[in-house]
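Only one structure is covered here, and it is reproduced in the block below.
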Amino acid sequence: MNALPTPQPATRTASLLLTSALLVSCSSPSPTVEPEPAAGAQGDASLAASAPADIERLGVTIHETLDFDPTAFTQGLEVDAQGDGTSLLVGTGWEGESRIFRLDPATGQQSDVHPLEPTAFGEGIARSGDTVWQLTWRNGEAIKRDATTLAEVGRVPVQGEGWGLCAFDDVLLRSDGTSTLTLHDPATFAAVGTMPVTLAGAPASKLNELECVDTPQGRQVYANVFLSTDILRIDATSGQVNAVIDASTVPNNANPDSNHVLNGIAAIPGEENRFYLTGKRWPDLYVVSFE
Ligand SMILES: [Ca+2]
């Protein structure tokens, strides 16, 4: 997801209060409009402290800190596991700045850079076979790309907003800011179902950047929570949150701006419980584990 470029001060305060209340309680219906960012919101409303006992509460251990592109308004992040296995696919947002590129995390070198048209706001990305799909926020379409070159090969209409995206072998999961993930056919991007996400029985809204991970315990979806430093781990079969990860200890070294929040999680292939984390216009890319 993203942010409103020119929020009005009066409505911004009201929205912050509403946003914080929603993040704390997770009991209200999900809004259908884009929530506004607000200074100080990040980390103020952690779900971790209120997670029920049967939901794991995990922290973040940082193993390595790498350079990241501080101009990248990160909306999609995943390792190209079906390609070279090491490069990161990065999708970014903001009108006039949205793009997709491949990143060598060791050197910071970018390649296969493709800017979007100035009216488009890029969102989540995910590779499935020979295709990389890239969402747009409110442009009503998903961009289909060649997975090797990242060049656009087509577009398909999408109902609703696009926030995060991730892929299992046979299905794509899309977040739209609500507590419901939409399932898409990875070949056509046709919507094929929905998965309500709940935290202790209540809707878990504002799901943002996603990561689909096959584990020995089954399929799990990791989700950034918009304007929060929490990451949810969701059982992809039931939609139930089974862990709340408190990432408030991960340093946010972005230029101070309410939009520059944690957003971007990518599992590292072949390594259990190893992930990259970053954020919107963050200068750092962290190698982390959750425990
Ligand atoms: Ca991801």
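What follows is calculated from the coordinates using simple rules that are stated; it is not laboratory data. Note that the structure is a prediction, hence the values are computed from the model and not measured. Using ideal geometry, Cβ is built from the backbone for each residue, glycine included, and neighbour counts are taken over all protein chains shown.
List of remarks:
- Ranked for footprinting exposure by Cβ neighbours inside 10 Å, fewest first, L183, L77, L207 give L183, L207, L77.
- Under 5 Å between amide hydrogens, built in the peptide plane, is the criterion, and for T194 it picks out L183 among residues at least 5 positions away or on other chains.
- Sequence-separation-based contact order of the stretch 135-291, relative, with Cα cut under 8 Å and 6+ spacing, percent: 12 percent
- Principal axis box of the stretch 210-291, alpha-carbon based, largest edge first, Å: 39, 25, 18
- Spatial separation of Cα centroids for the stretch 60-130 and the stretch 178-213, in angstrom: 21 Å
- Geometric descriptor of the stretch 76-159, per residue, is 78 Å³ (volume of the convex hull of the Cα atoms).
- Least to most buried among W163, W133 (fewest other Cβ within 10 Å first): W133, W163
- Cut-off 10 Å between beta-carbons: net charge of the residues surrounding D146, Lys and Arg +1, Asp and Glu -1: -1
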